[in-house]
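As C-alpha cells, the structure follows; a few thoughts come after it.
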Amino acid sequence: MPDRPHQRKDLTDPAKKAPDPGARVFFALWPDASVRCSLDELAGQVHKACGGRRMRAESAHLTLVFVGQVVLARVESLKSVASGVRVPAFDLRLDRVGCWKRNRIAWLGTRETPLPLAELVQGLEQGLGREGFKFDQRPYFPHLTLARSARCEAPLPTDADIRWRVEEFVLVRSSLLPGGAAYGIIGRWPLR
Ligand code: ATP
Ligand code: MG
C-alpha cells in the first residue's frame, strides 16, 4: 500500500474541504395527483396536435421564480426567504393553451392570474433580492410547459379548464440529464 500523506491531510484540514458542488434550483407550484392527471390528459391532446416532446406527468410544475445555479451553502438562505412569504391559499384556473414560436413551447396558463399568485412571486423576488440572489428579471408569465419542440402552427385545444386548489409551494432542485431534467423537491411551504 503506497503512502499517501497528502490525501490523509486533506481529510482533517477544514480549509481543504471538497468544493461545494452547487445545484440548479427554482421555486414552483407542484400539482397534486388529481391535477397532475388532468394535466397529463391535456398534454396528450396537445402532443397529438403539435408533436414534439411531451411533458412527463411526474415533472409537471408551474415555475414561480427560477433562481438557477447556487452553492449548496446558500440553500438555507433560500429556505428562509420562502418561510418569510405569507400568502393565502388560492384557486387557480388553467384555461388558456398557447404555443411560443420563438422556443416552440406549448403551454397551459390562465386567463386571470389570481392576486395571491402574483403576491407569492413578488414576495419571493423581493426576499431573494434582499438576500442578494440574482434571478430571471423578465415579466412573470405563469404557465406549465406541456410540450417542447412543438409545431405551433397546429390548432390547439380551446376547451381547457383545469381547476387547481393551490395550498403550498415548493423549492425544486433540477438535474439536467440527457433525457430531460430530473426534479427533486427540497422544501415545501404551506399557504394559509
Ligand atoms: P430542460 O432544460 O432539460 O429542457 P427544464 O427547462 O424543465 O428542462 P430547467 O432548465 O432546470 O428544466 O428549468 C426548470 C424550470 O425553470 C422550467 O419550468 C423552466 O421553464 C424554468 N426556467 C429555466 N430557465 C429559466 C430562466 N432563465 N428564466 C425563467 N425560467 C426558467
Ligand atoms: Mg430549461
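Six or more apart or on different chains, Cβ under 6 Å: which pairs go from a residue in the range 172-190 that's closer than 18 Å to Val70 by Cα to one that's of a type in the set (Val, Ile, Thr) and more than 9 Å from ligand 1 (Cβ to nearest atom)? Could you list them?
The qualifying pairs are Val172/Ile185; Arg173/Ile186; Ile185/Val170.
Restricting to the range 157-192, name every residue that is assigned to a strand (DSSP E or B), away from ligand 2 (no atom under 16 Å from the Cβ) and surrounded by 13 or more Cβ atoms within 10 Å (Cβ to Cβ).
Matches in the range 157-192: Ile162, Trp164, Val166, Glu168, Phe169, Val170, Leu171, Ile186, Gly187, Trp189.
In this structure, is Trp107 within 25 Å of Glu58 (Cβ to Cβ) and either part of a helix (DSSP H, G or I) or over 15 Å from the mean Cα position of the chain (by Cα) (or both)?
no
Output the residue which, of all residues in the range 124-142 that are part of a loop (DSSP other than H, G, I, E, B) and among the hydrophobic types (A, V, I, L, M, F, W, C), is farthest from ligand 1 (Cβ to nearest atom).
Selected residue: Phe133.
Which one is farthest from ligand 1 (Cβ to nearest atom) among residues in the range 167-183 that are modelled with pLDDT of 95 or more and over 20 Å from Ser80 (Cβ atoms)?
Among residues in the range 167-183 that are modelled with pLDDT of 95 or more and over 20 Å from Ser80 (Cβ atoms), the one farthest from ligand 1 (Cβ to nearest atom) is Glu167.
Quickly run through the range 134-156 and pick out the residues that are loosely packed, with under 12 Cβ neighbours inside 10 Å and more than 19 Å from Ala118 (Cβ to Cβ).
Lys134, Glu153, Pro155
From the residues in the range 18-51 that are in a loop (DSSP other than H, G, I, E, B) and of a type in the set (Gly, Ala, Ser), which one is nearest to Val65 (Cα to Cα)?
My answer is Gly22.
Filter the range 115-156 down to the residues that are among the small types (Gly, Ala, Ser) and within 16 Å of ligand 2 (Cβ to nearest atom), then identify the one that is nearest to Phe66 (Cα to Cα).
The qualifying residue nearest to Phe66 (Cα to Cα) is Ala147.
For every residue, the table says whether it meets (1) over 17 Å from the mean Cα position of the chain (by Cα); (2) buried (at least 16 other Cβ atoms within 10 Å of the Cβ).
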{"position": "Leu39", "(1), (2)": "no, yes"}
{"position": "Gly44", "(1), (2)": "yes, no"}
{"position": "Ala49", "(1), (2)": "yes, yes"}
{"position": "Arg56", "(1), (2)": "no, no"}
{"position": "Ala60", "(1), (2)": "no, yes"}
{"position": "Val65", "(1), (2)": "no, yes"}
{"position": "Val75", "(1), (2)": "no, yes"}
{"position": "Arg86", "(1), (2)": "yes, no"}
{"position": "Ala89", "(1), (2)": "yes, no"}
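For the range 16-37, give me each residue that is surrounded by 17 or more Cβ atoms within 10 Å (Cβ to Cβ) and of a type in the set (A, V, I, L, M, F, W, C).
Ala23, Val25, Phe26, Phe27, Ala28, Leu29, Trp30, Val35, listed by residue number.
The values are calculated or read from the model by the stated rules, or taken from the named source; none is laboratory data. The structure presented is a predicted model; accordingly, all values stated were derived computationally and were not measured. When we count neighbours, we look across all protein chains shown, and the Cβ atoms used for this are built from the backbone with ideal geometry, even at glycine.
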